[in-house]
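Here is the structure we will look at, set down as structure tokens.
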There are 2 protein chains.
Amino acid sequence: MGKLLIVGTVAFDEIETPFGKTDKILGGAATFIGLAASQYNVESAIVSVVGEDLPQAYLDVLKAKNIDLTSLEIVKGGKTFYWKGKYHNDLNSRDTLVTELNTLADFNPVVPEGFKDADVVMLGNLHPSTQLSVINQMKERPKLIVLDTMNFWMDNALPELTEVIKHIDVLTINDEEARQLTKEYSLVKAAKVIQEMGPKYLVIKKGEHGALLFHEGKIFFAPALPLEEVFDPTGAGDTFAGGFSGYLAATENLSFNNMKNAVIHGSNLASFSVEKFGTERMQELKKDEVNKRLHQFKALTQFDIELQ
Amino acid sequence: MGKLLIVGTVAFDEIETPFGKTDKILGGAATFIGLAASQYNVESAIVSVVGEDLPQAYLDVLKAKNIDLTSLEIVKGGKTFYWKGKYHNDLNSRDTLVTELNTLADFNPVVPEGFKDADVVMLGNLHPSTQLSVINQMKERPKLIVLDTMNFWMDNALPELTEVIKHIDVLTINDEEARQLTKEYSLVKAAKVIQEMGPKYLVIKKGEHGALLFHEGKIFFAPALPLEEVFDPTGAGDTFAGGFSGYLAATENLSFNNMKNAVIHGSNLASFSVEKFGTERMQELKKDEVNKRLHQFKALTQFDIELQ
């Protein structure tokens, strides 16, 4: 069992999709990452910040998964980060209606003493300087540092982003972000450029079109499981990241072959996450459901051509 | 060795991409299908029509691959079907600048006597009534009938298209066409509706995002090989269809497992087709290049998770 340190938002999400809408519900990158990673045999902690308005029941959801919340700061009189969005009919795009940073604006992450020797650090989408400050607090270099980010930081904090990714092992971004970061349209070319920027591994997330893992000259591809219905894509990328990093922390094997498995595990969990609003599906997800769907991934992708 | 009957256009293409432009070069669905299928141990024939303006050298390209051209009609004084198109910067979309049907307008396909007992019939994109007339000329029901079509016929000849697909085994269309044909956004739901319309198998082509094979409750997915450069996507779908049908005709095995292999073989050949303008790459393609890239497909997709 490895130690996994998770850094990211714990938040209120308010979501509208073609299938319905929610009130303020539990969301945030660290929440989805933590729930996904809890499927594996890991000791995990979340570093985050919330306000006093976040219901205790939401924190209990994370505690029930044995996630250490020592360094989840609750700001007295503060308000929790709040995001409201509306998905378009095809669910591939969305409009952000409200973003209130609230307590996140002054977030100063403090790594708990017991996790300064974590094996794997999973840095959810945050300001790159915040992500870097976490790396700098580690007692020794973690075996693996995974960083998720988005186009917003490429637009608004590119020097800081460029700095932090020098210090990480795996970058996870989507296809458009990979193109924006490198000015290369071909993802194969973009991957080469990014690997020269620091991370030895790159995961390019393509949503319903799957995910690509790049390392040196090697490429691995995992499709998204074709689903009858996608209900709410919120958190799918974070769930992928949680499954990926949680599986690697639990198996303590950082070979490329095991990274492939981690990509499949991440994709597998993401396929559940989108089936209900918010974290609902991940909260109730059972081990045997996870295993059953891994068989579906195998049937979906494995073939047996005799090669010469 | 099985017999493969190919029906479709042999044409002039004039292509502009961000990387350059061509004069009128050899193109057409049947051309790409025939070149791809010639990679396998099949006896094949093309049923098509051209005008006297098509250079003999173009027909010699097909003859050199041992494709029977007995029923490739050359209309005296006629002009060959001509398509001119320009690809956008991302190569995912294109504008048709010119379409001249010419001799194709009165195309009346005649199946050569020696191929009325073909094992596999590959119906390239044409008016659905023309496709149906080929099926009706077969002496006995072929072991497999594969049909490719496009949104144009959904817009302009839906009753005829609905009729012909009752008589086929495999339909190949792209994702947007599957949605248009069924009014279902989810491809899983669309596949169910299409299988109720006739074809027991459905291939949904997603271009750079790969291809899905549906049969009863089963789904198989083959990615497109990530390439450093895509030069000209023209004919990629037809090359896929030629590899798919050619492989099945050669192996004479219509099990679902072998259909999976056929999807990989089709995707593999399509990855070559896009590397040069028109048919150039397919004309020169060597067996050992094909085999080598199959190894890349295996590395790209195969993983080894122990399942419970």
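No value in this document is a laboratory result; all are computed from the given coordinates. These numbers come from a predicted model, not from an experiment. Neighbour counts are summed over all protein chains in view; Cβ atoms, including those assigned to glycine, are modelled from backbone coordinates with ideal geometry.
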Peptide B:82-94, shielding by other chains (average Cβ, 10 Å cutoff): 0
On the rotation axis linking copies A and B, which residue of A comes nearest by its Cβ, and by how many whole Å? A:His209, 2
For segment A:16-59, what are Rg and Dmax over the alpha carbons, in angstrom? 13.1, 37
For B:Ser186 and B:Asp60, what is the calculated FRET efficiency with R₀ set at 41 Å and r taken between the beta-carbons, to the nearest 0.05? 0.30
Calculate the spin-label point distance for B:Asn151 paired with A:Met138, positioning each point 7 Å from the Cα along the beta-carbon direction, and give it in nanometres. 4.7
With +1 at each Lys and Arg Cβ and -1 at each Asp and Glu Cβ, the charge dipole magnitude of chain B around its Cα centre, to the nearest 20 debye, comes out at 520
Simple Cβ-charge dipole of segment A:1-98, Lys/Arg +1 and Asp/Glu -1, about Cα centre, in debye nearest 20: 40
Using θ = phi - 60° and Karplus 6.51 cos²θ - 1.76 cosθ + 1.60, couplings along segment A:177-183 (whole Hz; Gly, Pro as x): 5, 4, 5, 4, 5, 10, 6
Packing-ranked peptide list from B:225-231, A:6-12, B:287-293, highest mean Cβ count within 10 angstrom first, is A:6-12, B:225-231, B:287-293
Per-residue average of other protein chain Cβ atoms inside 10 Å, peptide A:295-302 -> 6
What average count of beta carbons from other chains do you get within 10 Å of the Cβ of residues in A:199-211? 1
Relative contact order (percent, whole number), chain B, Cα cutoff 8 Å, 6+ residue spacing: 18
To the nearest 20 debye, the protein assembly as shown has a Cα-centred charge dipole, built from +1 on Lys and Arg Cβ and -1 on Asp and Glu Cβ, of 820
